[in-house]
Amino acid sequence: MKLNLKIWRQQNAGTEGKVVDYMLDDVSPDMSFLEMLDILNEKLIVKGDEPVAFDHDCREGICGACSLMINGVPHGPEKATTTCQLHMRKFHDGEEITIEPWRANAFPVIKDLVVDRSSFDRIIQKGGFISASTGNAPDGNAIPISKIDADLAMDNAACIGCGACVAACKNGSASLFVSAKVAHLGYLPQGQPERFRRVIAMVDQMDTEGFGSCSNTYDCEAACPKGISVRNIARMNRDYLKANLFGV
Ligand code: FES
């Protein structure tokens, strides 16, 4: 395949960026999207040019590092798929592909396609944990948890914190991310003692970081590579309201 890549290049957070065109030949349809960028970078290095900076770690769809806006869609055209799991067979020979970093005030660009997502870390530090003493690993059935709650907790624990929800949202809201983190602990008995304190602390930190508000457009759910449901946002808002009303 031959591709016309239009890639956002930006030296650092303090400089202006621009889209730069690259023609790339001999792209195998079996390559992943990141492998295609690796090939581009090898060619740039051989030519003495600076390679394109992009983020990645596991390349298995589990770490959430590989966050690219591909043709205006977070993680590209394949539903429920991270950029590292996207293959070039989803594109056609001669296609023009625009590649940009996440766009959100709370995710400033560090370089090229890499953004600073430490705002997510600070939200997690405010409440994405339980401090109940759990002792040694208990017997599997020692704390009865209904199948429904266990499944809901696991579904929400699938959030990899990639930030696609923020990038997709016209308000730059992190509500889907925060609500998944609130829910995956809040559905379990161990998460109950801090349930209401947690939701206040995490939502307040989300606001402090400069993320926008949710206005129910559901673009976040459509963009999420792990299929996190927007129903969590309603649950988070209910908990936040209860916590404030009853002074928890
Ligand atoms: S590199 Fe880890 S999810 Fe893509």
_Nitroxide proxy distance, nm - points 7 Å out along Cα→Cβ at Ser215 and Asn105_ = 1.4
*Under the Karplus curve 6.51 cos²θ - 1.76 cosθ + 1.60, θ = phi - 60°, whole-Hz ³J(HN,Hα) for region 132-147, x wherever Gly or Pro sits*: 5, 6, 9, x, 6, 4, x, 4, x, 9, 5, 10, x, 10, 5, 4
*Order by protection proxy (mean Cβ within 10 Å, highest first), peptides 106-117, 37-48, 169-180*: 169-180, 106-117, 37-48
*Please work out how much accessible surface Thr82 shows to a 1.4 Å probe, ignoring ligands, DNA and RNA, in Å² rounded to 10.*
10
*For region 66-168, state the average projected area of the convex hull of the C-alpha atoms over all orientations, rounded to one decimal in nm².*
9.6
*For the chain, give the percent of accessible area contributed by carbon and sulfur heavy atoms, probe 1.4 Å, rounded to a whole number.*
51
_Can you give me the angle between helix 175-186 and the longest principal axis of the chain, using Cα atoms only, in degrees from 0 to 90, rounded to the nearest 10?_
40
*Angle, helix 231-245 long axis vs. longest principal axis of the chain, Cα atoms, 0 to 90°, nearest 10?*
50
*Give the accessible surface of region 3-110 per residue, rounded to a whole number of Å², with probe radius 1.4 Å and ligands, DNA and RNA excluded.*
50
_Could you compute how much accessible surface Asp49 exposes when probed at 1.4 Å, giving the result in Å² to the nearest 10?_
70
*Tell me, what HN-Hα J-couplings in whole Hz come from the Karplus equation 6.51 cos²θ - 1.76 cosθ + 1.60 at θ = phi - 60° for each residue of region 81-89, using x for Gly and Pro?*
9, 7, 4, 5, 9, 7, 10, 5, 5
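Which whole-number percent gives the relative contact order of the chain, counting Cα pairs below 8 Å spaced six or more residues apart? Kindly include the intermediate steps, with their values, before the conclusion.
Numbers: 442 pairs, mean separation 48.0, N = 248.
Reported as a whole number, the value is 19 percent.
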*Determine, for each peptide in 205-211, 216-222, 23-29, the mean count of other beta carbons within 10 angstrom over its residues, then list the peptides with the highest first.*
205-211, 216-222, 23-29
*Of Lys6/Lys90; Lys79/Lys126; Lys6/Lys43; Lys79/Lys111; Lys111/Lys170; Lys126/Lys181, which pairs sit farther than 19 Å apart, going by alpha carbon to alpha carbon?*
Lys79/Lys126; Lys79/Lys111; Lys111/Lys170
*To the nearest 10 degrees, how steep is helix 118-127 against the longest Cα principal axis of the chain, on a 0 to 90 scale?*
10
_Taking θ = phi - 60°, what integer Hz values does the Karplus form 6.51 cos²θ - 1.76 cosθ + 1.60 yield along region 21-28, in sequence order, with x for Gly and Pro?_
8, 9, 9, 10, 9, 6, 8, 7
*Enter the accessible area per residue of region 118-245 (Å², integer; probe 1.4 Å; all protein chains in place).*
50
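The values are calculated or read from the model by the stated rules, or taken from the named source; none is laboratory data. None of the values given here were measured: they were computed from a predicted structure. Neighbour counts run over all protein chains shown; Cβ positions are idealised from the backbone, glycine included. Side chains are part of the model used for accessible areas, which takes the heavy atoms of the whole protein and leaves out ligands, DNA and RNA. Shrake-Rupley method; radii C 1.70, N 1.55, O 1.52, S 1.80 Å.
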